[in-house]
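Only one structure is covered here, and it is reproduced in the block below.
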Amino acid sequence: QVTLKESGPALVKPTQTLTLTCTFSGFSLSSSGMRASWIRQPPGKALEWLARIDWDDDKFYSTSLKTRLTISKDTSKNQVVLTMTNMDPVDTATYYCACTVADAYYCDYWGQGTLVTVSS
Amino acid sequence: QSALTQPASVSGSPGQSITISCTGTSSDVGGYDYVSWYQQHPGKAPKLMIFEVTNRPSGVSNRFSGSKSGNTASLTISGLQAEDEADYYCNSYTSSSTLYVFGTGTKVTVL
């Protein structure tokens, strides 16, 4: 059974750097075909794709946020990490990690999400 | 990269069929068969309902179906049930540098 769980701070101050961790179980991040994404959703608003990392360490970023995002993985811990610099109140959102193991352009496994509030 | 356009809301009575549209461009919806649909109940994570335009994951009811014509994809829910009341989002691969784009979201109400 594939499960994902996000963890990180619930509150960050403006200008700080956010670090979120997604811990995977039920499969290996190094398995061929694995693609893991971060997606966020501001309260009451639509989903927004942020970044993706693949089993072969290829990385992709949202054009609008590319300069602020870094995605990485630690296969020994089966974790994917997202950092976002220079946080602003508009970055307040629920952050989801999601993945596929099918080398595909969709996410069939999702974490429960973690709400991050940016406020001084 | 602009979000894909969806109607803000769609409603129907139990047993009826409804269709949600998702309009993009030739760089995303129209150019690739990589459209997926997600259902999201309040306070919950999205759930994959349709992938690659027409395919249902195992366990998803066959009341859900997907299609595409030109730059517009559609999700049809037949035999509408109370449990279908949720937000629905389309998503597409895009050849622009941002890789993926989501739709604006549609709230489905069962009357």
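Rule-based calculations on the coordinates, nothing more; no lab input. All figures in this text were calculated on a predicted structure; none of them were measured in a lab. Cβ atoms come from the backbone with ideal geometry, glycine included; neighbour counts cover every protein chain shown.
Observations on the structure shown:
- Among the candidates A:Ala98, A:Ala93, residue that is closer than 23 Å to B:Lys47 by Cα, in contact (Cβ under 8 Å) with a residue 60 or more places away in the chain and within 14 Å of chain B (Cβ to nearest Cβ): A:Ala98
- In the range B:97-111, residue nearest to the other protein chains (Cβ to nearest Cβ) [restricted to those that are over 19 Å from A:Phe60 (Cα atoms) and of a type outside the set (Val, Ile, Thr)]: B:Gly105
- Check on B:Thr94, within 14 Å of chain A (Cβ to nearest Cβ), touching a residue at least 40 places away in the same chain (Cβ under 8 Å) and touching a helix residue (DSSP H, G or I) at 6+ places or on another chain (Cβ under 7 Å): no
- Counted as qualifying within the range B:1-90 are the strands (runs of 3 or more DSSP E) with 2 or more residues that are of a type in the set (A, V, I, L, M, F, W, C), at negative phi and within 13 Å of chain A (Cβ to nearest Cβ), namely B:35-40, B:47-50.
- Conditions (1) loosely packed, with under 14 Cβ neighbours inside 10 Å; (2) within 14 Å of chain B (Cβ to nearest Cβ); (3) not acidic (Asp, Glu): number failed by A:Lys77: (2)
- Among the candidates B:Val110, B:Val29, residue that is touching a helix residue (DSSP H, G or I) at 6+ places or on another chain (Cβ under 7 Å) and of a type outside the set (S, T, N, Q): B:Val110
- Some residue of the range A:103-113 being outside any loop (DSSP other than H, G, I, E, B), surrounded by 13 or more Cβ atoms within 10 Å (Cβ to Cβ) and touching a residue at least 40 places away in the same chain (Cβ under 8 Å): yes
Results for (1) among the aliphatic types (A, V, I, L, M); (2) touching an Asp or Glu at 6+ places or on another chain (Cβ under 8 Å); (3) more than 28 Å from B:Gly105 (Cα to Cα), shown as yes or no for each residue.
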position	(1), (2), (3)
A:Leu4	yes, no, no
A:Gln41	no, yes, no
A:Leu69	yes, no, no
A:Lys77	no, no, yes
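- Subset of the range A:51-70 (residues that are over 18 Å from A:Ala104 (Cβ atoms), touching a residue at least 12 places away in the same chain (Cβ under 8 Å) and within 12 Å of chain B (Cβ to nearest Cβ)): A:Ser62, A:Leu65, A:Leu69
- Qualifying residue in the range A:45-52 (condition: assigned to a loop (DSSP other than H, G, I, E, B), hydrophobic (A, V, I, L, M, F, W, C) and farther than 14 Å from A:Leu82 by Cα): yes
- Some residue of the range A:35-42 being within 14 Å of chain B (Cβ to nearest Cβ) and over 25 Å from B:Arg56 (Cα atoms): yes
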